[in-house]
Amino acid sequence: MDSLDQLRADVSMCRACPRLVEWRESVALEKRASFRDDEYWGRGVPGFGDPRATVWVMGLAPAAHGANRTGRMFTGDRSGDWLYRAMHRAGFASQETSVGSDDGLTLKGAWVSSVVRCAPPDNKPTNDERDECRKFLIRERDLLTNVRVIVCLGNFSYTAVCKEFGIRPRPKFAHGVEVQTDGITIICSFHPSQQNTFTGKLTEPMLDAIFTRARELSQ
C-alpha cells in the first residue's frame, strides 16, 4: 500500500525531468556564497507536515537555495519566513522560523507541498514538468484524506489544483478568492515571494487573513 513515507522516498529519488535534475544538482554543487559550507539537498523535495492535515498548502516549486538546499518545503528562504510566521500565528506551525530540516518545526493540522517538486531554472517549470509531477500530487491527495481546505500560493498552483479537481470554468485568480469543490474549499493567496512582499502586493495582514480563514473553514 502507498504511504506518505513511500511518497517521500519516491519524490526524493525522482529523475524524470532531465532539465530539472541538471539544474537542481548544478545549484547544489555551485552553491550560493552565503551557503558555501552547507550540504545541499539537491533532489526532489517531498511534502511536509501533519498526515492528518485538514489544510493543504500548495506552492509552485522548491526554491533553488531554499528547499533545494534544506530538503524541506519553504525552508531556508524569505518566502518560508513569511509563510511559517503566518501559519504559526494561525496555530498551524509550532514556531515562526524555518531555517533547516532539523530546526524543530512541526505542523499541526496542515501539510505543505508544491505542484512541482524540483527547483526549476528562473523558478519557471514547463507545462510538461508540471504534468510529470502530477503523479505525486495525485498520490498526496489520496493519502491526505482529511483535507478540507487547500491554500494555493499563486496562480500557478491555483491553476494546477483547479485542473486536478476538474473545476470548469475556473474563477479568475485573485487574493482571497474561494472556490468550492467536492467538500473542499480552495483559497487563493498571492505567493509570499520577495517580488510580492517587497513591493507590498502581499502584506503580513493579508497572509494572516488567508490562514485565519483556512482555520475557520477547516474546523
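Brief remarks follow.
- Solvent exposure of the chain amounts to 48 Å² per residue of accessible area, where only protein heavy atoms count and the probe is 1.4 Å.
- For D122, solvent-accessible area (1.4 Å; no DNA, RNA or ligand), Å²: 130 Å²
- Of all DSSP beta bridges confined to the stretch 1-128, the antiparallel ones make up roughly 40%.
- Surface share of carbon and sulfur [accessible, 1.4 angstrom probe, percent] for the chain: 49 percent
- Of R69, R15, R85, the one that fluctuates the most in a GNM where the chain has Cα springs shorter than 10 Å: R15
- Between the stretch 1-15 and the stretch 35-54, the C-alpha centres lie 13 angstrom from each other.
- Among N146, P171, I186 the positive-end extreme of the charge dipole of the stretch 81-219 (Cβ point charges): P171
- Per residue, the convex hull spanned by the Cα atoms of the chain amounts to 116 cubic angstrom.
- The GNM of the chain, with springs linking C-alpha atoms under 10 angstrom apart, assigns the highest mean-square fluctuation among T54, T203, T97 to T203.
- Rounded to 5, the percent of DSSP beta bridges in the chain classed as antiparallel: 35 percent
- Rolling a 1.4 Å probe over the protein chains gives E30 an accessible area of about 140 Å².
The values are calculated or read from the model by the stated rules, or taken from the named source; none is laboratory data. Note that the structure is a prediction, hence the values are computed from the model and not measured. A quick note on method: Cβ atoms are made from the backbone with ideal geometry, for glycine too, and the neighbour counts reach across all protein chains shown. We work out accessible area using only protein heavy atoms, side chains counted, and drop any ligands, DNA or RNA first. Shrake-Rupley method; radii C 1.70, N 1.55, O 1.52, S 1.80 Å.
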